[in-house]
There are 4 protein chains.
Amino acid sequence: MRATRGRTFTETGRRAQIVAAAVETIAEVGYQQASFAKIAKKAGLSSTGMISYHFTGKEDLVRAVAEDVVATVTAFMRERIEAAVGRAARLRAYVESNIEVVGAHPAHVRALLSILAGERSGADTSVLTERVGRLEAELRDGQRAGEFGDFDPAVMALAITGAIDALVTSLCREPATDASLTHSAKELADLLLRAAGARGSAS
Amino acid sequence: MRATRGRTFTETGRRAQIVAAAVETIAEVGYQQASFAKIAKKAGLSSTGMISYHFTGKEDLVRAVAEDVVATVTAFMRERIEAAVGRAARLRAYVESNIEVVGAHPAHVRALLSILAGERSGADTSVLTERVGRLEAELRDGQRAGEFGDFDPAVMALAITGAIDALVTSLCREPATDASLTHSAKELADLLLRAAGARGSAS
Amino acid sequence: MRATRGRTFTETGRRAQIVAAAVETIAEVGYQQASFAKIAKKAGLSSTGMISYHFTGKEDLVRAVAEDVVATVTAFMRERIEAAVGRAARLRAYVESNIEVVGAHPAHVRALLSILAGERSGADTSVLTERVGRLEAELRDGQRAGEFGDFDPAVMALAITGAIDALVTSLCREPATDASLTHSAKELADLLLRAAGARGSAS
Amino acid sequence: MRATRGRTFTETGRRAQIVAAAVETIAEVGYQQASFAKIAKKAGLSSTGMISYHFTGKEDLVRAVAEDVVATVTAFMRERIEAAVGRAARLRAYVESNIEVVGAHPAHVRALLSILAGERSGADTSVLTERVGRLEAELRDGQRAGEFGDFDPAVMALAITGAIDALVTSLCREPATDASLTHSAKELADLLLRAAGARGSAS
DNA sequence: AATGAATGAGGATTCATTCAT
DNA sequence: TATGAATGAATCCTCATTCAT
């Protein structure tokens, strides 16, 4: 059996190659249509057996894909968020960078959206809930700090997440220009900060 | 046979029965997992051939299902929306009734969400775009009337739609009490009206 | 039950309509692909039940189609053959008219070829054997009359039939001009008369 | 695995086994009735999935079958044709060996005829046209060499091919004795050589 | 560590036919 | 006489997974 120690996002050799092919495939044909056969073909593998050898099942592969994509997207967003000062600015950075990552990693974003859509009607909702949970905690902190208005942080977290995903989905459909991307990102951030009753949230 | 002319939502006999079974099946197992075999079983049909007899293909059946569900949901929402006076109140009614319909027609909503999720990664996006388009027009009108603030109506329409769907999805996952449903609905309406800069939007 | 007395080629009402639609359908999509559904559609019928009602089964329908087509083709050929004087001239007329009927009744010929092709690998070979048998008798008569050379009439009949069908098939594939049709017909007749050692067979 | 590069007729392992089973099946029940299920059964396979694994689709399998059968038949004919001296003798050898191969490889011939019949009413006519084209070229050469009379080589090639197939079909229907096979072959060659105006074509 | 052949269930769809009305 | 709904077997094909090598 393969070594599992310490491996999280950064896969080794074949695994990484398969995950990369899976990301591309899912981005192209969608989560449900992404069969082992298609992924193997894109990876230049001669059989699907290879995939089953490295992954327990489709579930396992998808989890690995999700981890990889989330890591990529998170890395992009983190530096923008950490550069922001104050809760409101952080929220703005969160929203805007989440939109702008479409321009930087279109395939990854597309794949993630497709996986999330599948998850919504599926059993495993770990990626989904973890993401919303983290945002909710952040919002709660902001409220405690008095930088946000009064709202139910669970509802707000879901609303923000849903709004972002809807916009991202729309932007993914037809390739948007950088300008329109930036515009949409700012618009969305503006309206969500208003919703959150953020103090001093001028962009 | 009963009249087939003018048939839109209200299907005749067997067709209606199949659509109803499809709604239930999609609500239970999701759009992608809803095979003809499962639907036929739920409808008490002896073979899948019957479905193919009444519907051109899966696409055709899903369209019929979408029409049926949209009709049901729309009927529920319409009376609440039409009872509202003023743009802001209408928007609030739109949002709240869209959430509350989960309590009234849980299976229909679940099915619709699953179909929409599939549409997002699919070709036919008619249901999706029509829904967002209608809301966008409504928002634009509200801005002209001076009852909403300044925002890009396209982005706002997507944001509202996405926020609603995210909350509905969450509420669908585990059966919520009426109280929590009402609470969530009001919370979401509050925050979205803030986002829209609605004047005089106290619930 | 429907009256069956005296009916041979000339069908009555519905039957004739269905046969006509079947001829067209077989000509267009081929014998094997010509399903009841397609024939019903072309006939403007709302269900296939109608066909099953008028015909015992597919076999029965195809037999009726064959009779109809053979009658049409035979009528075209007969007047040309009967106008010819002498065995050799009759054979020439047989061959040439068999080719030229492609120009006059393309759909019928196409349908007949498709049915014959199916018959070749099927059980019922009545149309096929009857046709060859008649020609064989004719050839045998010609030999007795001393107007043909020495050959096995069974083999010759098969050879002539096969040669005609191969040419007709080729001519059916892409629509031929009248000129090329006439040229091919004369060429084939020439070579087959040579094969039969026909005396005084100048066209 | 054995080399798959350069694979044409001689298939490797399972592929060859499936092709062989397909030949037998097509010979028995005909091209159209030869389903994957029947072929799998004859091949001793547990499911039709195996066939789909080795062949892209039915089309692909049939192409492989055609190649295999054509190779077998061609090999049989080639040595007889190459032993002949002179154009007329070559044509005689072509015709006679084409008939006599029925005795040597009945199943292969039957399968080929069924496939060709299907091709006549189908889209892919590559096997058919290639075969006729090669014969046409041969005839044209013979005419240039002055060993054949005057005729349209395209028509003659079709006539010869059609005559052969008709006779072969007839001989395939009920198992013929070697004697009658030889007789029919000689008869057909005689008459076709007469048709071609071959000089010095005494058998 | 890797391969690719094999599996068998399940996918949608088409088919000729039957039957109650 | 005619209809159209119902049937269920059969079509090809794809799927994730397993297993011997």
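Couple of notes before you dig in:
- For the stretch D:40-53, filtering for residues that are near DNA strand F (Cβ under 10 Å from one of its atoms) and assigned to a helix (DSSP H, G or I) leaves 7.
- Residue pairs meeting the criteria (Cβ under 9 Å; at least 6 apart or on separate chains; first farther than 17 Å from D:Val155 by Cα and buried (at least 24 other Cβ atoms within 10 Å of the Cβ), in the stretch C:90-107; second of a type in the set (Phe, Trp, Tyr) and at pLDDT 95 or above): C:Leu91/C:Phe148
- Selected residue (criterion: nearest to the chain's Cα centre (by Cα)) from residues of the stretch B:191-203 that are surrounded by fewer than 22 Cβ atoms within 10 Å (Cβ to Cβ) and facing chain A (nearest Cβ under 10 Å): B:Arg194
- Test: residue in the stretch D:37-56 that is within 14 Å of chain C (Cβ to nearest Cβ) and either more than 23 Å from the chain's Cα centre (by Cα) or more than 16 Å from DNA strand E (Cβ to nearest atom) (or both): no
- Total residues in the stretch A:166-186, condition surrounded by fewer than 22 Cβ atoms within 10 Å (Cβ to Cβ) and at the interface with another protein chain (Cβ under 7 Å from one of its Cβ atoms): 0
- Within the stretch B:16-39, being in a loop (DSSP other than H, G, I, E, B) and either within 12 Å of DNA strand F (Cβ to nearest atom) or not hydrophobic (A, V, I, L, M, F, W, C) (or both) holds for B:Gly30, B:Tyr31, B:Gln32, B:Gln33, B:Ser35.
- Test: A:Ser97 is small (Gly, Ala, Ser), touching a Gly at 6+ places or on another chain (Cβ under 8 Å) and in a helix (DSSP H, G or I): no
- Given (1) more than 12 Å from DNA strand F (Cβ to nearest atom); (2) within 14 Å of chain D (Cβ to nearest Cβ), number of the condition C:Thr72 does not satisfy: (2)
The values are calculated or read from the model by the stated rules, or taken from the named source; none is laboratory data. Owing to the predicted nature of the structure, the values given are computational and were not obtained by experimental measurement. For neighbour counting, all protein chains shown are included, and Cβ atoms are generated from backbone atoms with ideal geometry for every residue, glycine included.
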